[in-house]
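These notes concern the structure reproduced below.
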Amino acid sequence: MQKKIHLPLTEEDLLSLKAGDRVLLSGVVYTARDAAHKRMVEQEKEGIPLPIDLKGQVLYYVGPTPAKPGEVIGSAGPTTSGRMDAYTPRLLEKGLKGMIGKGYRNEEVKTAMVKHKAVYFGAVGGAAALIARSIKKAEVIAYEDLGTEAIRKLTIEDFPVFVINDTHGGDIYQEGVAQFKS
């Protein structure tokens, strides 16, 4: 069974999600990769307001390809999330509640997710063109000079993800390995 969630995430949504849940997300997400994360954290440290209010928001770790004529966006598959780990705890402190990517997160990030009640969703790598069909609108809203790594506001509909790390400390990767070994 898939859960349907309309963004932004509510505390009720966050607490109800468990590692392994399949979810269809609809609403607004923001894109941000390595360079955008670094710039946001540097600006925040300098007292410069962030280009987006992170409270309750979801960041999708993606650097989409240019859209073909008549398309909203090009391929939009997830980026390896570990590259954002150095910046993620700081952004969680600022109110970030969800992230979409692929791969493992480090222990500091997982601890910060539990502390700040946030979740990490996995999107299927290698399905970038298929995932792009769930994106209904895309617009650059900050750091245009970063090209594909600029922050974009995406309007999504039934965007397929699964919960990798939940607010309770659940980790589908660790649970999967444990099941395999037993």
Checklist entry - Given springs between every Cα pair under 10 Å in a Gaussian network model of the chain, which of E108, E93, E12 has the largest fluctuation? => result E12
Checklist outcome for this item: Volume per residue (Å³) of the convex hull spanned by the alpha carbons of region 1-130 is 119
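What is the sum of charges, Lys and Arg at +1 and Asp and Glu at -1, for the other residues whose Cβ falls under 15 Å from the Cβ of K136? Provide the component values of the computation, followed by the final result.
Details: positive: R133, K137, R152, K153; negative: E71, E139, E157, D158.
Charge balance in the 15 Å sphere: 0.
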Checklist outcome for this item: Cβ-Cβ cut-off under 13 Å around I172, Lys and Arg +1, Asp and Glu -1: the net charge is +1
Item to check | aspartates and glutamates whose Cα lies under 18 Å from that of K38, excluding same-chain neighbours fewer than 8 positions away | outcome: E46, D53, D85, E93, E108, E144, D145, E149
Next on the checklist: Please report the spacing between the Cα centers of region 101-153 and region 48-90 in Å, no decimals.
Outcome noted: 4
Checklist entry - Ordered by residue, what ³J(HN,Hα) values in Hz, to whole numbers, does region 15-29 give under the Karplus form 6.51 cos²θ - 1.76 cosθ + 1.60, where θ = phi - 60° and Gly and Pro are x? => result 6, 7, 7, 10, 3, x, 4, 9, 9, 10, 9, 9, x, 10, 10
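List the trypsin sites (Lys or Arg not before Pro) within region 33-100 that fall in a DSSP loop (any state other than H, G, I, E or B) and whose Cβ has at most 12 other Cβ atoms within 10 Å. The partial results should precede the final answer.
Values: sites: R33, K38, R39, K45, K55, R83, R90, K94, K97; in loops: R33, K55, K94, K97.
Answer in residue order: K55.
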Checklist entry - Karplus couplings for region 145-150 from phi (6.51 cos²θ - 1.76 cosθ + 1.60, θ = phi - 60°), rounded to Hz, Gly and Pro as x? => result 5, 7, x, 5, 8, 4
Checklist entry - Excluding E93 itself, what net charge comes from residues whose Cβ is under 14 Å from its Cβ, given Lys and Arg +1 and Asp and Glu -1? => result +4
Checklist entry - For the chain, what does -39500 (n - 2.57) per DSSP helix run (n ≥ 4), summed and divided by total residues, give at 222 nm, in deg cm²/dmol to the nearest 500? => result -7500 deg cm²/dmol
Item to check | Given K18/K45; K4/K55; K18/K136, the pairs whose alpha carbons are separated by over 23 Å | outcome: K18/K45; K18/K136
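Any read-out appearing in this document is the output of simple, stated calculations on the displayed coordinates, not a laboratory observation. All figures in this text were calculated on a predicted structure; none of them were measured in a lab. Counting neighbours? That spans all protein chains shown, and the Cβs are built from the backbone with ideal geometry, glycine included.
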